[in-house]
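Here is the structure we will look at.
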Amino acid sequence: MKTQASIFTKFAIGVMISGTIIACNKPKTDDKPAATVPVKETIVFINQDTLISKYNYAKDVTKTMQDKGKAAQSDLASRGQAFQHEVDDYKKNAGTMAADQRQTTEQRLQREQQDLQGYQQNATAQFQSEQSAEGNKVYDKIADFVKGYAKEKGYKLVLTYSKANPTVLYGDAGLDVTVDVIKRLNDAYAAEKK
């Protein structure tokens with residue numbers, strides 16, 4: 001989740017920078033009073049915490065990664081137990097072994113321990129890489145969808161809000177489009193799964 005939070009943070013910062021550039025490039029207007037015509041909101045926000053917890057694709061990715069993480073932990077634990085069993089057997093029998101046999105066994109156990117540590121490091125790195133790639137896929141799906149959604153609705157800027165990284169401290173509830181975005185994302189994901 002931390003990776004997803006940082007991805008969404010980068011997205012929010014990028015959106016804010018885009019909004020600033022758009023605002024700076026607006027042509028100057030004269031100082032005439034504004035018309036009393038209702039203005040359609042052009043800046044909205046999405047609650048990132050709610051989005052991630054209710055977007056079915058994000059939930060499926062999270063569950064898949066949790067299952068893979070548990071399987072990897074189980075595999076590492078099993079290998080660790082097998083190695084520990086070998087070490088325990090050696091300790092029991094070391095007193096009855098010849099010196100050269102003890103030395104050979106100790107060297108083999110050292111190699112196995114190094115191999116196990118290397119395997120653990122590789123497995124951890126591979127899992128983190130896969131987790132990051134999956135987080136990027138979730139981010140890309142949401143970003144692509146929100147881009148089309150904003151064009152359809154006429155929004156100029158879509159911000160994200162998260163308690164973990166509050167770049168938006170307050171937003172009027174009328175600007176919160178989270179529920180509509182989640183519904184449409186889930187509808188698109190359901191159609192994609194068929």
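The values are calculated or read from the model by the stated rules, or taken from the named source; none is laboratory data. In this text, all values refer to a predicted model and were calculated from it rather than measured experimentally. All Cβ positions, even for glycine, are placed from backbone atoms using ideal geometry, and neighbour counts span all protein chains on display. Each accessible area value is taken on the protein alone, full model and side chains, heavy atoms only, with ligands, DNA and RNA left out. Shrake-Rupley method; radii C 1.70, N 1.55, O 1.52, S 1.80 Å.
Computed quantities for the displayed model
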{"quantity": "Long-range HN-HN contacts of Leu159 with modeled amide H, under 5 Å", "calculated": "Val44, Phe45, Ile46"}
{"quantity": "Cα→Cβ-extended label distance, 7 Å offset, between Gln128 and His85, nm", "calculated": "3.1"}
{"quantity": "Å² per residue, accessible surface of the range 57-131 at 1.4 Å", "calculated": "72"}
{"quantity": "Alpha-carbon spread of the range 39-101, three principal axes, descending order, Å", "calculated": "90, 18, 14"}
{"quantity": "Solvent-accessible area, 1.4 Å probe, carbon plus sulfur percent, for the range 129-178", "calculated": "51"}
{"quantity": "Burial ranking of peptide ranges 137-148, 106-117 (average Cβ count within 10 Å, highest at the top)", "calculated": "137-148, 106-117"}
{"quantity": "Set Lys70/Lys141; Lys54/Lys141; Lys54/Lys137; Lys70/Lys193; Lys59/Lys193; Lys147/Lys194 screened for pairs whose C-alpha atoms are more than 22 Å apart", "calculated": "Lys70/Lys141; Lys70/Lys193; Lys147/Lys194"}
{"quantity": "Debye-sum result for the range 31-182 in log10 I(q)/I(0), which assumes one identical scatterer on each alpha carbon, at q = 0.11, 0.12, 0.19, 0.21 Å⁻¹", "calculated": "-0.66, -0.72, -1.14, -1.26"}
{"quantity": "For the range 171-179, Karplus couplings with θ = phi - 60° (6.51, -1.76, 1.60), whole Hz, Gly/Pro x", "calculated": "x, 4, 4, x, 8, 7, 9, 4, 4"}
{"quantity": "Two-site FRET efficiency, Lys193 against Leu169, from Cβ-Cβ distance with R₀ of 35 Å, rounded to 0.05", "calculated": "0.40"}
